[in-house]
Every structure is written in structure tokens, then in C-alpha cells.
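Asker: Below: one structure in C-alpha cells.
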Amino acid sequence: MKVIPTEIEGVVLLEPDVFGDERGYFFESYSEQSFDRLVRPVRFVQDNESMSKYGVLRGLHFQRGAHAQSKLVRVVRGRVLDVAVDIRRGSPTFGRHVSVELSGDNKRQFFVPRGFAHGFAVLSDEATFQYKCDNPYAPESEGAIAWNDPSLGIDWRLAPEDVVLSPKDSAHPLLSEAGELFDYNEDYYA
Ligand SMILES: Cc1cn([C@H]2C[C@H](O)[C@@H](COP(=O)(O)OP(=O)(O)O[C@H]3O[C@H](C)C(=O)[C@H](O)[C@H]3O)O2)c(=O)[nH]c1=O
């Protein structure tokens, strides 16, 4: 597995070792031993899968406080633009984001640590999205930021008229109005 750092510390891209032969391919989609050694020790407790059609944008979501989640995300089929936004107050990269293209073809994975908002936009006809979380779903702790907050300057690579949102994702606050976020100096993994 190759670990590629990004412009935000702790947010990394992973490239698994893919073994192809005349039958097809094999790769380890997750190895606790490799991940903990090459990225950081994390105990993932929940796997999620969603399927979305072209133009669907899910995000920008996070769970607050003790329910904060790290996510290890990947695309099994299709292609998405995946985005992580630093929402740790006091962080030198507060409000900055990393966006990466994940696809069934590139098999890349993206680690979004606790303290970040997460979302993705579907760039193919359909996309099947799978991810691991290190804290269970806690709907009462859910927070979110508007996908199109101008202060974030995210290029979702979709024409605005093509973006498909849930009613919930159509009405999130701007980062400046998002209430309780995270503190850069607090260790959310302790
Ligand atoms: C996230 C989640 C949802 N649900 C139920 C709640 C709803 O009845 C249904 C759809 O939930 P929602 O519309 O919140 O799903 P997404 O919009 O894909 O939410 C996710 O989108 C972005 C990309 C994220 O990073 C988060 O993991 C998560 O917020 O699944 C569960 O039962 N367990 C869960 O962990």
C-alpha cells in the first residue's frame, strides 16, 4: 500500500497493491496492520455503502464531539470527487479542503480524520461508495455545512443545475454559521 500525503496534514490518499492476472485482480481493501503502521492506529467499527446516480452530492457532513468519525472511503464502481474540509478551529488549514477523484478503476482510498467535514459528488452514471467509520452512527450529533459555501471554494466538477441533493443537504448552514465544530488543540482520538 502506498500512502500519498495531501496539502492538509493527516489527510492522506492510499493506493493499494493490486495483483492482476488472467482471471482479473486481487487487492487487500483494508489491512488493520498496514493501515495502523502506515497511517495511524484507528479501530474502525462500522462499514457503510451507498449507491448514487450521476450528479448526486452527499455532504458536507460530520458528527460532533465524542461522536466524531474518521472515515476511510473508496469507490467500488463509478467515479466521484471526494472532499474533506478542515473544520478544526485554530487549525492552520481551517476552512481549507482536499478534493480527490476516487473510482472503481483507480481503486484509490481517502482517509478523512476526525475534525473534518466530508462529502462527495458523483461524476459517473452511477457510483457505489463504501467506507469505514471509527465511531458508530449518532444522528443526534450530526452537523453539516453547505456544499456550496463560497468561503470553501470547492469545485465539485458539476454544473449547478446537475447537482442532486437530499432535502437535508439543500439546507445546511455556511461554515461561519455551523455552530459547534472541532478544536485543533483537542485530541479527538484520546
Ligand atoms: C450515515 C448513516 C445513515 N443511516 C441512515 C439514515 C437515513 O435513514 C439513511 C440515509 O442517511 P443520509 O441521508 O444521512 O445518508 P448520506 O447522505 O449518505 O450521509 C452520509 O454522507 C456523507 C458522505 C458522510 O460522510 C456521512 O457518512 C453520512 O452523513 O441511512 C444509517 O442508518 N447509518 C449511518 O451511518
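The values are calculated or read from the model by the stated rules, or taken from the named source; none is laboratory data. Everything quoted here is computed from the prediction, not taken from an experiment. Heads up, the Cβs are rebuilt from the backbone with ideal geometry, glycines too, and the neighbour counts pull from every protein chain shown. Keep in mind that these areas ignore ligands, DNA and RNA; they rest on the heavy atoms of the full protein, side chains included. Shrake-Rupley method; radii C 1.70, N 1.55, O 1.52, S 1.80 Å.
Asker: Quick one: which strands (runs of 3 or more DSSP E) sit completely within segment 17-120 and have at least 2 residues that are open to solvent by 60 Å² or more (accessible area, probe 1.4 Å) and touching a strand residue (DSSP E or B) at 6+ places or on another chain (Cβ under 9 Å)? Can you show your working first?
Answerer: Values: elements: 19-21, 24-26, 46-53, 57-63, 71-77, 79-86, 97-103, 109-112.
Answer list for segment 17-120: 19-21, 24-26, 46-53, 71-77.
Asker: Just to be sure, is Q109 within 12 Å of the ligand (Cβ to nearest atom) and modelled with pLDDT of 95 or more? Write out each step before concluding.
Answerer: Values: within 12 Å of the ligand (Cβ to nearest atom): no; modelled with pLDDT of 95 or more: yes.
No: the conditions fail for Q109.
Asker: Looking at (1) at pLDDT 95 or above; (2) over 22 Å from E49 (Cβ atoms); (3) touching a strand residue (DSSP E or B) at 6+ places or on another chain (Cβ under 9 Å), which one does L165 not meet, given that it meets all the others?
Answerer: Result: L165 passes all but (2).
Asker: Any chance you could count how many residues in segment 135-144 are open to solvent by 50 Å² or more (accessible area, probe 1.4 Å) and among the small types (G, A, S)? Full working, then the answer.
Answerer: Going through segment 135-144, the residues open to solvent by 50 Å² or more (accessible area, probe 1.4 Å) turn out to be 136-137, 139-140, 142.
Remaining after also requiring among the small types (G, A, S): none.
Within segment 135-144, residues that are open to solvent by 50 Å² or more (accessible area, probe 1.4 Å) and among the small types (G, A, S) number 0.
Asker: Under 9 Å between Cβ atoms, at least 6 apart or on separate chains: pull out the pairs that start in segment 165-188 with a residue that is at positive phi and end on any residue that is in a loop (DSSP other than H, G, I, E, B) and not β-branched (V, I, T).
Answerer: These pairs meet every condition: G179/R64; G179/P173.
Asker: Could you tell me how many of the residues in segment 121-134 are open to solvent by 10 Å² or more (accessible area, probe 1.4 Å) and near the ligand (Cβ under 10 Å from one of its atoms)?
Answerer: 1
Asker: Kindly provide the set of residues from segment 145-180 that are in contact with a helix residue (DSSP H, G or I) (Cβ under 8 Å, 6 or more places away or on another chain) and either open to solvent by 70 Å² or more (accessible area, probe 1.4 Å) or over 13 Å from L57 (Cα atoms) (or both), ordered by number.
Answerer: N148, D149, S151, L152, E180
Asker: Say whether the condition of being within 16 Å of the ligand (Cβ to nearest atom) and outside any loop (DSSP other than H, G, I, E, B) is met by at least one residue in segment 177-188.
Answerer: Yes, the conditions are met somewhere in segment 177-188.
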